[in-house]
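Presented below is the structure to which this report refers.
The values are calculated or read from the model by the stated rules, or taken from the named source; none is laboratory data. Source: prediction; values computed, not measured. Cβ atoms come from the backbone with ideal geometry, glycine included; neighbour counts cover every protein chain shown.
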Amino acid sequence: MMLHRTIGGSMLYALHEAAYHTATPLRIAAQAAREFWSSPLNPASHSTWGRTLYASADLVANLTHRYGRPEWGVASVKVKDRTVAVREDVVWQTPWVKLRRFSREPLDLRRARAPLASPPLLIVAPLSGHYATLLRGTVQTFLQDFDVYVTDWSNAREVPILEGRFDFHDYIDHVADILRQIGERAHVVAVCQPGPPVLAAAALMAEDGDPHRPASLSFLGSPIDARFAPTATNRLAEERPFSWFQQAMIYTVPAPYPGMVRRVYPGFVQLYSFISMNADRHREAHGRYFEQLVAGDGDSADRHREFYDEYLSVLDLTEEFYLQTVDTVFQRYLLPKGELEHRGRRVDLAALSDVAIMSVEGENDDISGVGQTQAVHALTPNVPDALHELYVQPRVGHYGVFNGRRFTDEIYPRIRAFIDKAEAAVAA
């Protein structure tokens with residue numbers, strides 16, 4: 001049966017790759033047509049039918065395009081209305097993650113009359129389908145006040161099988177190792193999926209008296225206790241047996257990828273799941289995009305492309321990490337029930353006593369329902385009340401919790417004030 005599953009999974013992945021390569025002539029033709037009908041040398045390019053042909057070709061080219069790992073492209077940030085240059089460095093890495101540091105140019109900070117020193121801030125990006133660059137706007141917002149570290153997770157199909165496994169517990173270890181690498185009591189922002197393993201890592205470090213345990217934890221739309229306000233994602237995990245996820249969601253990476261024969265939850269399967277949850281919304285968005293191209297509304301079309309260039313870029317997860325997350329977080333709820341064991345140790349959330357904790361939820365979040373993130377406060381009774389902060393943002397969904405105008409204007413100032421309070425508590 002295992003051999004049958006491996007062969008079947010490999011064939012499905014291979015068929016997906018074959019479909020992409022089969023579409024290459026169509027994609028090339030569409031790209032050529034797009035260039036022809038947008039050329040200023042073409043006298044018909046500004047006519048209605050010329051714009052319609054251009055829009056049709058552009059849509060086909062984009063739908064058949066392969067979206068790889070996006071670039072971060074964070075070269076500068078506005079600080080007090082002045083442009084401050086930003087430097088990007090990889091300061092630590094394993095086969096599974098690159099720890100990137102975005103640091104602001106000191107000379108530019110002086111010119112902006114901004115503080116040169118700031119406490120270290122780590123953004124733990126989700127390992128749930130999209131690349132960490134989905135948090136580009138989040139990073140840019142925090143860069144107003146901090147030099148920022150961010151976890152840039154690897155695509156499992158790019159990691160050779162000889163590098164071994166990467167599971168839920170390896171994720172916990174990576175978070176702890178990164179905090180030790182940063183070297184101070186950093187402030188941690190966990191976006192969505194990382195909530196449970198980040199909380200577990202912090203509790204284990206606190207129990208050990210580790211001097212590098214975080215100073216604060218901010219959880220943004222995280223499934224700390226997925227039993228609250230179940231969403232469609234939660235109900236799927238509850239209604240399906242664990243064996244269904246093993247059989248229906250796991251496939252084998254084909255050649256010529258470096259991770260060939262590795263068992264993964266593929267990006268293309270995840271992308272289908274993402275899109276099918278809101279299929280009507282995506283169809284309407286592409287219909288508007290077509291109309292914008294025909295009308296020559298370049299600004300709106302650019303915003304559409306920027307969003308989908310990121311949204312359609314997905315990565316593969318290892319079989320063991322994906323299945324353990326389903327089992328641990330969404331089926332057995334081990335962490336909130338006090339039953340999670342890591343390397344033979346029970347994770348005791350009561351060990352957290354001097355780590356400030358903030359929860360941020362979106363009123364309309366359809367992935368992590370209201371209540372799932374704020375559950376962290378009841379689970380950490382030994383953290384003083386003054387170091388707890390709970391906030392629910394009105395009129396935003398899941399992505400609005402960590403990106404967009406309301407995040408920048410309404411959520412971020414609250415997180416910034418919370419970090420200031422936590423920093424003062426550490427210094428006291």
### Summary
Being buried (at least 21 other Cβ atoms within 10 Å of the Cβ), part of a loop (DSSP other than H, G, I, E, B) and on the phi < 0 side of the Ramachandran plot narrows Ala226, Ala203 down to just Ala226
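For (1) within 30 Å of Ala285 (Cβ to Cβ); (2) not in a loop (DSSP other than H, G, I, E, B), each residue gets a yes or a no:
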| position | (1), (2) |
| --- | --- |
| Ser45 | yes, no |
| Arg66 | yes, no |
| Val77 | yes, yes |
| Val91 | no, yes |
### Summary
Screening Val314, Val329, Val294 for residues that are among the hydrophobic types (A, V, I, L, M, F, W, C), in contact (Cβ under 8 Å) with a residue 40 or more places away in the chain and either touching a Lys or Arg at 6+ places or on another chain (Cβ under 8 Å) or over 30 Å from Arg157 (Cα atoms) (or both) leaves only Val294
### Task
Go through (1) in a helix (DSSP H, G or I); (2) farther than 25 Å from Val269 by Cα one by one and return the number of the condition Asp58 breaks.
(2)
### Message
Looking only at the stretch 126-162, count every residue that is in contact (Cβ under 8 Å) with a residue 12 or more places away in the chain and farther than 21 Å from Arg69 by Cα and tell me the total.
### Response
7
### Summary
All-but-one check, Gln144 against (1) surrounded by fewer than 20 Cβ atoms within 10 Å (Cβ to Cβ); (2) over 26 Å from His212 (Cβ atoms); (3) of a type outside the set (Gly, Ala, Ser), failing number (2)
### Query
From the list Ala375, Ala417, Ala422, Ala356, which residue is small (Gly, Ala, Ser) and over 16 Å from Leu121 (Cβ atoms)?
Ala375
### Task
Run Thr141 past the list (1) under 16 Å from Phe402 (Cα atoms); (2) of a type outside the set (Lys, Arg); (3) assigned to a helix (DSSP H, G or I); (4) in contact with a Lys or Arg (Cβ under 8 Å, 6 or more places away or on another chain) and report the number of the one that doesn't hold.
(4)
### Task
Search the stretch 351-364 for residues being part of a loop (DSSP other than H, G, I, E, B) and buried (at least 24 other Cβ atoms within 10 Å of the Cβ), and hand back the single one that is nearest to the chain's Cα centre (by Cα).
Val355
### Message
Taking the criterion of being out of contact with any strand residue (DSSP E or B) (no Cβ under 6 Å at 6 or more places or on another chain) and loosely packed, with under 14 Cβ neighbours inside 10 Å, would at least one residue in the stretch 53-63 satisfy it?
### Response
no
### Task
State yes or no: is Gln181 part of a loop (DSSP other than H, G, I, E, B), among the polar types (S, T, N, Q) and over 20 Å from the mean Cα position of the chain (by Cα)?
no
### Task
Determine whether the stretch 249-259 contains at least one residue that is of a type in the set (S, T, N, Q) and buried (at least 19 other Cβ atoms within 10 Å of the Cβ).
yes
### Message
Let me spell it out: the conditions are (1) hydroxyl-bearing (Ser, Thr, Tyr); (2) within 29 Å of Gly338 (Cα to Cα); (3) modelled with pLDDT of 90 or more, and Thr233 meets all of them except one. Which number is the exception?
### Response
(3)
